[in-house]
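Heads up, the thing below is written out as structure tokens.
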Amino acid sequence: MAVVDISEELKSLSSTMGSIEAVLDLDALRGDIAVLEEQAAAPSLWDDPEAAQKITSKLSHLQAEVRKAEALRGRIDDLEVLFELAEAEGDADAHAEAEAELESVRKALDEMEVRTLLSGEYDAREALVTIRAEAGGVDAADFAERLQRMYLRWAERHNYKTEVYETAYAEEAGIKSTTFAVEVPYAYGTLSVEQGTHRLVRVSPFDNQGRRQTSFAGVEVLPVVEQTDHVEIDESDLRVDVYRSSGPGGQGVNTTDSAVRLTHLPTGIVVSCQNERSQIQNKASAMNVLQAKLLERRRQEEQARMNALKGDGGNSWGNQMRSYVLHPYQMVKDLRTEFEMGNPEAVFNGEIDGFIEAGIRWRKQSEK
């Protein structure tokens with residue numbers, strides 16, 4: 001690459017970074033960090049462990065976001081020096097290192113730019129993810145479990161805290177359904193593009209004739225409800241059932257009827273929670289999930305009214321959104337964005353950032 005091209009490239013990178021910094025509003029983030037640091041230093045912080053956890057988690061996230069932006073700005077500024085030194089010394093190895101750093105900075109800038117596209121009403125929230133086995137019998141149940149592992153591994157790779165609220169195990173293998181939280185800011189905006197029907201094509205390990213099977217699993221992503229949302233639930237509208245928590249193979253998690261199932265009678269929405277030892281804690285967690293589902297229902301009704309006013313039937317991007325093919329070839333492909341990877345095993349191990357970033361860009365483009 002010619003020197004003049006490098007100069008223009010670096011100017012372009014710096015300009016893009018400036019736009020990102022403006023959208024992120026780093027000064028405002030630093031102000032939020034100062035407030036949270038003051039709250040975190042209060043002697044009474046851990047009198048309310050749940051509130052304390054939210055404060056420290058948000059503080060950690062904002063600090064990491066500011067550090068990431070500052071570090072990337074520093075790398076962009078250093079690139080010019082790297083290329084100047086390589087050019088002055090005529091060092092091919094140094095020039096190759098500078099080129100590699102340039103490519104790495106481009107990638108990091110693309111990733112950070114995606115974050116600025118998360119500007120929806122609930123995008124900054126934590127996320128509740130529900131996965132259900134759909135058509136395909138035992139293969140679908142196995143697929144649902146693999147998807148659960150995929151998202152939990154993705155969160156683990158990013159050091160995001162997760163909490164599994166409930167998992168209903170299938171009789172032969174896999175799971176019927178699961179609900180878990182991803183407890184980091186912007187988890188909803190990030191993962192909401194994963195919502196829809198996922199399809200798996202493979203030679204079934206459960207078919208003794210070795211036939212190719214197609215199975216389906218549904219992914220639902222909801223924003224976590226906050227106190228400002230005012231989702232009113234009348235106790236008389238609830239049916240509360242308690243039962244014994246259980247794991248795969250019928251093994252008892254504990255010996256008390258601590259699991260809770262809530263049925264919201266006006267809507268028919270059913271949620272369960274069994275991860276806590278206490279029935280009271282399980283009911284509180286189940287209420288959080290129910291509130292999130294009712295909030296999403298309200299949001300969808302509002303969107304339907306807006307679409308009706310616009311004469312728009314809405315989009316159906318959530319259906320049949322990704323295909324995982326393991327036979328006769330290996331390919332995972334997003335049917336909306338055309339983004340694909342030829343290594344399904346890596347995808348199932350949580351390497352899904354490319355799909356998520358492409359989905360966020362696609363969604364933003366679709367909204368225009």
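The values are calculated or read from the model by the stated rules, or taken from the named source; none is laboratory data. Computed from a predicted structure; not experimentally measured. Here the Cβ positions follow ideal geometry from the backbone for every residue, glycine too, while neighbour counts run over all protein chains shown. Protein only, heavy atoms only, side chains kept; ligands, DNA and RNA dropped before computing areas. Shrake-Rupley method; radii C 1.70, N 1.55, O 1.52, S 1.80 Å.
Take Arg298 and Ala346, extend 7 Å from each Cα along the Cα→Cβ direction, and tell me the distance between the two endpoints in nm.
Placing both labels 7 Å beyond Cα along the Cβ direction yields 4.3 nm.
Might you work out the accessible area of Trp46 for me, using a 1.4 Å probe with all protein chains in place, and round it to the nearest 10 Å²?
For Trp46, solvent-accessible area is about 140 Å².
With θ set to phi - 60°, apply the Karplus curve 6.51 cos²θ - 1.76 cosθ + 1.60 along region 112-118 and write out the HN-Hα couplings as whole Hz, x wherever there is a Gly or Pro.
Values, residue by residue: 6, 5, 4, 4, 6, 7, 8 Hz.
Long-range amide H contacts for Glu183: which residues qualify at under 5 Å (H placed 1.01 Å from N, peptide plane, sequence gap of 5 or more or a different chain)?
Lys161, Thr162, Glu163
Quick one: angle between helix 353-367 and the longest Cα principal axis of the chain, in degrees between 0 and 90, rounded to 10, please.
90 degrees
Over the heavy atoms of Leu13, what accessible area does a 1.4 Å probe trace out, to the nearest 10 Å²?
About 10 Å², ignoring ligands and nucleic acids.
Might you tell me the accessible area per residue for region 1-69, computed with a 1.4 Å probe and given in Å²?
On the way: 4210 Å² over 69 residues.
Ligands and nucleic acids excluded, the result is 61 Å² per residue.
Using a probe of 1.4 angstrom, how much of the accessible area of the chain is carbon and sulfur, in percent?
Numbers: 9210 of 19440 Å².
In the chain, the share of accessible area belonging to carbon and sulfur is 47 percent.
How much FRET efficiency would the formula 1/(1 + (r/R0)^6) give for Gln279 and Lys107, where r is the Cβ-Cβ distance and R0 is 45 Å, rounded to 0.05? Present the calculation step by step, with values, prior to reporting the outcome.
On the way: r = 48 Å, r/R0 = 1.07.
Step by step, r from the Cβ atoms, then E = 0.40.
More than 40 Å apart: what percent of Cα pairs in the chain qualify?
Result: 24 percent of Cα pairs exceed 40 Å.
Amide H to amide H under 5 Å from Tyr169: which residues, 5+ apart in sequence or cross-chain, H placed 1.01 Å off N in plane?
Excluding prolines and chain starts, which carry no amide H, the hits are Lys176.
By how many nm would the segment from Ser7 to Ser119 grow when fully extended, if each residue of separation counts as 0.36 nm and the alpha-carbon distance is taken off? Before the final figure, lay out each step's value.
Numbers: separation 112, 0.36 × 112 = 40.32 nm, distance 3.21 nm.
That works out to 37.1 nm of additional length.
In whole Å, how far is the Cα centre of region 31-45 from that of region 176-191?
26 Å
In the full protein assembly as shown, how much of Lys293 is accessible to a 1.4 Å probe, in Å² to the nearest 10?
20 Å²
Taking a 1.4 Å probe, which of Lys364, Lys54 shows the most accessible area, and what order do the others take after it? Working shown, then result.
Details: Lys364 65, Lys54 120 Å².
The ranking, largest first, comes out as Lys54, Lys364.
Cross-link partners among lysines for Lys68, C-alpha distance below 22 Å, same-chain residues fewer than 8 apart left out?
Lys68 reaches Lys11, Lys54, Lys58, Lys107, Lys161.
Just to be sure I understand the model, the point goes 7 Å from the Cα along the line to the Cβ. What's the resulting Val231 to Lys161 distance in nm?
With each label point 7 Å from Cα toward Cβ, the separation is 2.0 nm.
Placing +1 at every Lys and Arg Cβ and -1 at every Asp and Glu Cβ, with all other atoms neutral, what dipole size does the chain have around its Cα centre, in debye to the nearest 20? Working shown, then result.
Values: 41 positive and 66 negative charges, 409 e Å.
Charge dipole, the chain, about its Cα centre: 1960 debye, nearest 20.
Calculate how steeply helix 279-310 sits against the longest principal axis of the alpha-carbon atoms of the chain, using the helix alpha-carbon long axis, and give the answer as 0 to 90 degrees to the nearest 10.
70 degrees
Could you tell me the distance between the Cα centroids of region 82-160 and region 279-305, to the nearest Å?
Distance between centres, Cα-based: 29 Å.
Specify the angular offset, from 0 to 90 degrees and rounded to the nearest 10, of the alpha carbon long axis of helix 137-157 from the longest principal axis of the alpha carbons in the chain.
40 degrees
Tell me the mean residue ellipticity at 222 nm calculated for the chain from its helices only (DSSP H runs of n ≥ 4, each -39500 (n - 2.57), averaged over every residue, nearest 500).
Working: 9 runs with 180 residues, N = 368.
Mean residue ellipticity at 222 nm (helix-derived): -17000 deg cm²/dmol.
For region 40-187, compute Rg over Rh where Rg is the Cα radius of gyration and Rh is the Kirkwood radius from the inverse mean 1/r over Cα pairs. Before the final figure, lay out each step's value.
Values: Rg = 22.0 Å, Rh = 19.2 Å.
Here the Rg-to-Rh quotient is 1.15.
Could you run the Karplus curve 6.51 cos²θ - 1.76 cosθ + 1.60 with θ = phi - 60° over region 193-208 and give me ³J(HN,Hα) per residue in whole Hz, x for Gly and Pro?
Working through the residues one at a time gives 6, 8, 5, x, 9, 9, 10, 10, 10, 6, 7, 5, x, 9, 9, 6 Hz.
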